[in-house]
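The values are calculated or read from the model by the stated rules, or taken from the named source; none is laboratory data. Since this is a predicted model, take the numbers as computed values, not measurements. Glycine gets a Cβ as well: all are built from the backbone with ideal geometry, and neighbour counts include every protein chain shown.
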């Protein structure tokens with residue numbers, strides 16, 4: 001039960017429904033999920049271990065603030081990972097997987113045209129995950145999943161996807177074109193470029209958001225107050 005609760009909370013955080021710094025009202029979530037405090041707190045401990053939630057004694061739980069330096073470093077790592085994934089998928093991604101990608105791509109375009117942001121965002125993630133799965137490399141897939149959870153949260157909190165819809169549409173068309181080419185020689189570079197363009201937009205928005213009203217980063221939040229134990 002706690003794993004399911006953790007998954008639902010993680011989705012709320014990643015999609016921006018629970019923004020950075022938001023207090024987590026345990027009573028309200030117990031009512032929402034129809035559970036007692038014990039499984040909820042077990043789920044929250046998992047999210048604390050993942051860095052998505054902070055806990056302070058006598059204060060409670062809340063969503064961790066975004067850390068701009070960590071996010072920048074995450075994107076730098078992802079750029080290389082996307083390139084490597086492109087090289088591996090170029091050789092290993094099957095025709096069956098390509099057919100699934102074509103269907104997902106069409107569904108994403110329909111969500112974009114209808115203005116369904118959340119649906120678009122989820123399908124976008126699924127497309128990238130299908131490409132990662134096409135590498136047939138579980139180690140790469142595990143690292144990718146860990147890093148992307150941080151990026152998903154930043155994108156959801158900043159509402160960044162709505163600002164790059166047209167650019168994202170064009171870049172995904174380029175990704176699909178590269179996937180359809182014999183030998184897929186351009187796939188790695190196209191994926192890296194898409195990652196770099198996304199990073200520029202998200203980092204810019206997050207930096208502006210943190211600067212606005214002097215919002216704290218995680219490092220300043222976790223620093224103990226003078227005289228505190």
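When the residues of region 23-33 are filtered to those that are touching a strand residue (DSSP E or B) at 6+ places or on another chain (Cβ under 8 Å) and surrounded by fewer than 16 Cβ atoms within 10 Å (Cβ to Cβ), the one that is nearest to residue 66 (Cα to Cα) is 23.
Is it true that residue 84 is assigned by TED's automatic domain parsing to the domain that holds residue 179, in contact (Cβ under 8 Å) with a residue 24 or more places away in the chain and either touching a helix residue (DSSP H, G or I) at 6+ places or on another chain (Cβ under 6 Å) or in a loop (DSSP other than H, G, I, E, B) (or both)? No.
Among the candidates 10, 100, 27, single out the residue that is assigned to a helix (DSSP H, G or I), at pLDDT below 95 and in contact with a helix residue (DSSP H, G or I) (Cβ under 7 Å, 6 or more places away or on another chain).
Just one listed residue meets the conditions, 10.
Can you find a residue that is modelled with pLDDT under 90 and either assigned by TED's automatic domain parsing to the domain that holds residue 191 or more than 23 Å from residue 99 (Cα to Cα) (or both) anywhere in region 127-145? Scanning region 127-145, I find at least one residue that is modelled with pLDDT under 90 and either assigned by TED's automatic domain parsing to the domain that holds residue 191 or more than 23 Å from residue 99 (Cα to Cα) (or both), so the answer is yes.
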